[in-house]
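Only one structure is covered here, and it is reproduced in the block below.
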Amino acid sequence: MCHRRKQDYSGNTYLGIQLGTQLCKAVILDAQMKVTFEAKINYDVDLPEFKTSGGVLTDAKPVESLANPVMWVKALDMLLNCLSGQGADLHSVVAIGGAGQQHGCVFWSDIGLRRLCNLNPILRLHEQLNAAAFELTRTPLWMDGSAHTQAFEMEQQLGGTVELAAITGSRAYARFTGPQIRKVYQQCPEHYDRTPRISLVSSFLSSLLVGGVASIEFCDGSGMNLLDINRRKWSEKCLEACAPGLGRRLMQPIASSRLQGRVADYYVKRWNFRPDCMVVPAIGIVASRYVGMLLEKDLLVLSLDISDTMLLHLGEVSHKMDEGHVLCHPTIPNEHLGLLCFRNGSGVRQGFCDELVDGDWERFNAMLDSTPMGNGGNVALHFVERELIPQAKGTLRWDSRLNARSKEALRGIEKFDHPETEARALIEGQMMHHRAIAQDLGFQFGPKTMIVMAGPDSSNRSILQIVADVFNAPVYEKLGPGACLLGCAYRARYAFYEHREASCSCRHCRRSRPTKQSFGEFFRQLPRDLRLVAQPQPGCEAIYAPLIVRCMNMGRLLAASTTIHDSHIVMET
């Protein structure tokens, strides 16, 4: 006889944990998906002994971005203490979902694995998983750009950029996990040889929760240059091109819908978690943000941050994977997301605001508002840092009179006549470049397209109006707690439905239960909590369509000139 259908799940709660670059955060949702508790640990402030700035070790080399994994262990311990201290009933948590910063990795030691599997509830987490638990206590983060040589070597061994991208969804990038692992193998071979397991930051979080090495999930594994995103398996060619014996150091990848297991007995005894609490595979923070917005196929997430990013649904794998990243979808089986990262984001915007109006954003926004859509045909691209898509560096300005096929096109003009023109040319150039790359990757813009904003600059209404006009789509902001944490908790809730509520195999439940719902169907009635902040103005598409073509041509010229410049440096060297 089945009793499961008679159970009352109204007292259940769902925990989401985000192990980010600067913060470790948590949220608990009740059965109605309402926030009941929140907590956060700021590494710089709450863990000063690790000497970080923005979560990054301050004594790292200029091209490196490193962190100590013991800091993350201690942050998780403090985070759970914080929730418990607020009065959260952790025994009511039936499932935990997580998210971690992309690309970063953790190198376990033999001692660390033994301690992980035998955690003592009398001791704090970081008292056991201390420095001895890791072969490297200075491990690379997603911002680390020091593995350019290793990225190039991997591409060459695989036959080139296109070949690697066809397998893994991305060309080789210095900040991706594969090249970073290869760098450790080459520069610290003794540490690599002693490493029994390697985790992503996401699977590291899951490992801490289950008390054993957790598998890497498909979506986050897509950012390693190692996973065959079509076959959902490690690519033997990529593993061999990265480092010897790498396959045995990685757990087999799993789907995000699978369970990593139950929470470790350590958490049951120390914080009164229930023994059957499920642990869902943690995914990357960007993908979790997408999940937390409960997005459909016509929505695009644009984050305006230090690096601007776009996340968009692709469905089938695009053949243009040398531009941007294609990831396994975190909630729709056998489909994909496109992730685009643009290095020249808020830093360039702030630099122009400082230069033009002494950092006064009210005056800068007034400049944007006083100039017309299309800026009179004046377009500019400012790649102050070497841009990722395309691989280009430099500044190029074109006025409306400049012929794209003329000799002057490569030089452009030195400056525009008015500071207002410079301000709008910067913002419009950034947004037109973003849209052009999204189109090239395969996103279909249409009448149902909606833009959801994220990131620190997403509160600037003048910039958001330009976004609406350039993309010819309404722009929304997400209300409530961070979408990433919501995505963690939503995945935990769906896992409980999928593996507990909808899994009873008795005859009565099979007959009375409706067809199993997908993630999107399960949360269809849940409000997205989106607020409209900008609408496209009439005529914007006719104005920007030809300018986007000019912007794409400018980007190609800058990329070509950057390649020529690089080749001259190589010849001189």
Highest mean packing first, using Cβ neighbours within 10 angstrom, the peptides 96-102, 223-229 sort as 96-102, 223-229
In whole Hz, the Karplus estimates of ³J(HN,Hα) for segment 89-94 (6.51, -1.76, 1.60; θ = phi - 60°; x where Gly or Pro) are 8, 5, 5, 7, 6, 9
Nearest 10, in degrees from 0 to 90: the angle of helix 540-572 to the longest Cα principal axis of the chain is 90 degrees
Computed ³J(HN,Hα) along segment 64-73: with the Karplus parameters 6.51/-1.76/1.60, θ = phi - 60°, integer Hz and x for glycine or proline, the list is 9, 9, 10, 8, 9, x, 5, 4, 5, 4
LEU410 and ASP89 label points (each 7 Å along its Cα→Cβ direction) are spaced in nm at 7.2 nm
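Where nothing but the Cβ of Lys and Arg (+1) and of Asp and Glu (-1) is charged, how large is the charge dipole of segment 76-136 around its Cα centre, in debye to the nearest 20? Walk me through the intermediate numbers first.
Details: 3 positive and 5 negative charges, 10 e Å.
That gives segment 76-136 a dipole magnitude of about 40 debye.
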Packing-ranked peptide list from 269-275, 215-221, highest mean Cβ count within 10 angstrom first, is 215-221, 269-275
Note: LYS516 to VAL549 extended length (0.36 nm per residue) minus current alpha-carbon separation gives 7.3 nm
To the nearest Å², the heavy-atom accessible area per residue of segment 246-300 with 1.4 Å probe amounts to 36 Å²
Under 14 Å by backbone N from the virtual spin label 7 Å along Cα-to-Cβ at PHE445, the residues of segment 367-407 are 374
Long-range amide H partners of TRP142, meaning residues 5 or more apart or on another chain whose placed amide H is closer than 5 Å, are GLY104
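So how strong a dipole does the chain carry about its Cα centre when Lys and Arg Cβ are +1 and Asp and Glu Cβ are -1, to the nearest 20 debye?
Taking the Cα centre of the chain as origin, the dipole is about 2380 debye.
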Between the alpha carbon centres of segment 75-119 and segment 207-235 the gap in Å comes to 18 Å
Checked against the positive end of the charge dipole of the chain (+1 on Cβ of Lys and Arg, -1 on Cβ of Asp and Glu, about the Cα centre), the farthest of ILE28, PRO189, THR449 is ILE28
Between the Cα axis of helix 461-471 and the main Cα principal axis of the chain, the angle (0 to 90°, nearest 10) is 80 degrees
Sorted on mean Cβ neighbours within 10 Å (highest first), peptides 104-115, 233-244 come out as 104-115, 233-244
Summing -39500 (n - 2.57) over every DSSP H run of at least 4 residues in the chain and dividing by its residue count gives a helix-only mean residue ellipticity at 222 nm, to the nearest 500 deg cm²/dmol, of -11000 deg cm²/dmol
Once amide hydrogens are built 1.01 Å from N within the peptide plane, the residues lying 5 or more places from GLY345 or on another chain with amide H under 5 Å from its amide H are ASP308
Residue by residue through segment 118-128, the couplings from Karplus 6.51 cos²θ - 1.76 cosθ + 1.60 with θ = phi - 60°, in Hz, x for Gly and Pro, are 9, 5, 9, x, 6, 9, 6, 4, 6, 6, 9
Distance in nm between LEU123 and ALA502 label points, each 7 Å along Cα→Cβ, equals 4.2 nm
Taking alpha-carbon centroids only, segment 398-415 lies from segment 471-485 a number of Å equal to 37 Å
The size of the Cβ-based charge dipole (Lys, Arg +1; Asp, Glu -1) of segment 13-281 about the Cα centre, to the nearest 20 debye, is 380 debye
Close lysine pairs (segment 13-281; alpha-carbon distance under 24 Å; 8 or more apart or on separate chains) counted at 14
Residues meeting the amide H criterion for GLU387 (H placed from the backbone, H to H distance under 5 Å, 5 or more places apart or on another chain) are ALA392, LYS393
Relative to the chain, whose Cα atoms define the longest principal axis, helix 201-210 and its Cα axis are tilted in degrees, nearest 10, by 10 degrees
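The values are calculated or read from the model by the stated rules, or taken from the named source; none is laboratory data. What you see is a predicted model, and the numbers here were worked out from it, not measured in a lab. FYI the Cβ positions are ideal-geometry reconstructions off the backbone, even for glycines, and counts take in every protein chain you see. Ligands, DNA and RNA are excluded from the accessible area calculation, which covers all protein heavy atoms including side chains. Shrake-Rupley method; radii C 1.70, N 1.55, O 1.52, S 1.80 Å.
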